1. Please indicate, with yes or no, whether at least one residue in region 224-238 is over 15 Å from the mean Cα position of the chain (by Cα) and of a type in the set (Gly, Ala, Ser).
2. Sort out which residues of region 156-170 are among the aromatic types (Phe, Trp, Tyr) and assigned to a loop (DSSP other than H, G, I, E, B), and write them in order of number.
3. List the residue pairs whose Cβ atoms are under 7 Å apart, where the first residue sits in region 247-271 and is without any contact (Cβ under 8 Å) to a residue 12 or more places away in the chain, the second is open to solvent by less than 10 Å² (accessible area, probe 1.4 Å), and the two are 6 or more positions apart or on different chains.
4. Yes or no: region 23-39 includes at least one residue that is under 23 Å from Val322 (Cα atoms), of a type outside the set (Ser, Thr, Tyr) and over 16 Å from the mean Cα position of the chain (by Cα).
5. Being open to solvent by less than 20 Å² (accessible area, probe 1.4 Å) and not in a loop (DSSP other than H, G, I, E, B) is the filter; apply it to region 190-207 and report the residue that is nearest to Val151 (Cα to Cα).
6. Here is a list: Thr316, Thr225. Which entry is more than 25 Å from Gly11 (Cα to Cα) and of a type in the set (Val, Ile, Thr)?
7. Among the residues of region 113-136, how many are of a type outside the set (S, T, N, Q) and in contact with a strand residue (DSSP E or B) (Cβ under 9 Å, 6 or more places away or on another chain)?
8. Would you pick out the residues in region 131-141 that are open to solvent by less than 20 Å² (accessible area, probe 1.4 Å) and under 19 Å from Gly177 (Cα atoms)?
Amino acid sequence: MVKVVVCGAAGGIGQPLSLLLKQSDLISHLALYDIVNAAGVAADLSHINTASKVTGHVGKDSLADALQGAHTVVIPAGVPRKPGMTRDDLFKVNAGIVRDLAQACAQYCPRAFILVISNPVNSTVPIVCEVFKKAGVFDARKVFGVTTLDVVRSSTFVNHIKPQFEPHANRITVVGGHSGATIVPVLSQIKQVSFTPEEIKALTHRIQFGGDEVVKAKDGAGSATLSMAYAGARFTTSLLEASVRGKRGLVESTYIHLNGNPGAEWNARTTGLEYFAQDVELGPEGVANVLALPDLSAEEQGLVKIAVGELKGNITKGIDFVVQGAIPVAKL
């Protein structure tokens, strides 16, 4: 039995994410939690002719039932970005939501894999980790910030200017974090095509701020939901393939706690950070091995320095929210 829980399942990301996960033959029970409408989403998805059972759980009183026995918990819960908002602006609302969900996970499914989509990921992942540390159940190998959308955008945007580059077959490494200047696509390591310096600069900026394109295009109606759902389902599927099916050699870029993860010690020393997004080989216990950074161009090295500077503040903000017992603006 493989139970996957989606927290925030009735939202703009949660619904398409749940639809994609319903198609997986690796999931036997898909539990959908939200403060409203999760029962309706579950009823709808339960009519799809795949083998997994779907259950809906609405409100705080049903959270324990949703989480108990979970193999993997995916958290897209929270409010979306609106025009003029940065991911950091979301912190005031989403930090409390993520903190409360993490506390419930630490209590009811402490050994589950936790996949954090709720923005700002640079800060919400440290919140989850600090909650698990306080509860005495923290395992650095099992908490992931889902930065897969940056990888998906990278291969897509490269294809837009280099049609010979096959976006589905070629994965581009993205390091750093998951907002603006903290996103560093390693374009210099792409062997299939070449770029001019101007193309590199334009591509890097578009990848870093691709989310703004969607926010602007939706004109106040939301942020990237469908592409994020696709990216979230892709990462979840990769993790399940490695942890359930035992498939080896699966590599995804993800934002993780460096200390306590095999292969990451050097990066923690080099960057001075506790958290960083980079290529990770997935395995039965989550992180099997953190891969070394590829060779970076001089420009990319400069971008990483900028990312490290911003990440320090993002990480501290998340840690302090838990350690100092900040009062959340929003409650579940």
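1. Within region 224-238, not a single residue is over 15 Å from the mean Cα position of the chain (by Cα) and of a type in the set (Gly, Ala, Ser).
2. Matches in region 156-170: Phe165 only.
3. Ala268/Leu258
4. Checked region 23-39: at least one residue is under 23 Å from Val322 (Cα atoms), of a type outside the set (Ser, Thr, Tyr) and over 16 Å from the mean Cα position of the chain (by Cα).
5. Result: Ile207.
6. Thr316
7. Final tally of qualifying residues: 12.
8. Once the filter is applied, which keeps residues that are open to solvent by less than 20 Å² (accessible area, probe 1.4 Å) and under 19 Å from Gly177 (Cα atoms), region 131-141 yields only Ala140.
The values are calculated or read from the model by the stated rules, or taken from the named source; none is laboratory data. This one's a predicted model, so the numbers in the text were calculated from it and none came from an experiment. All Cβ positions, even for glycine, are placed from backbone atoms using ideal geometry, and neighbour counts span all protein chains on display. Heavy atoms of the whole protein, side chains included, go into the accessibility calculation; ligands, DNA and RNA do not. Shrake-Rupley method; radii C 1.70, N 1.55, O 1.52, S 1.80 Å.
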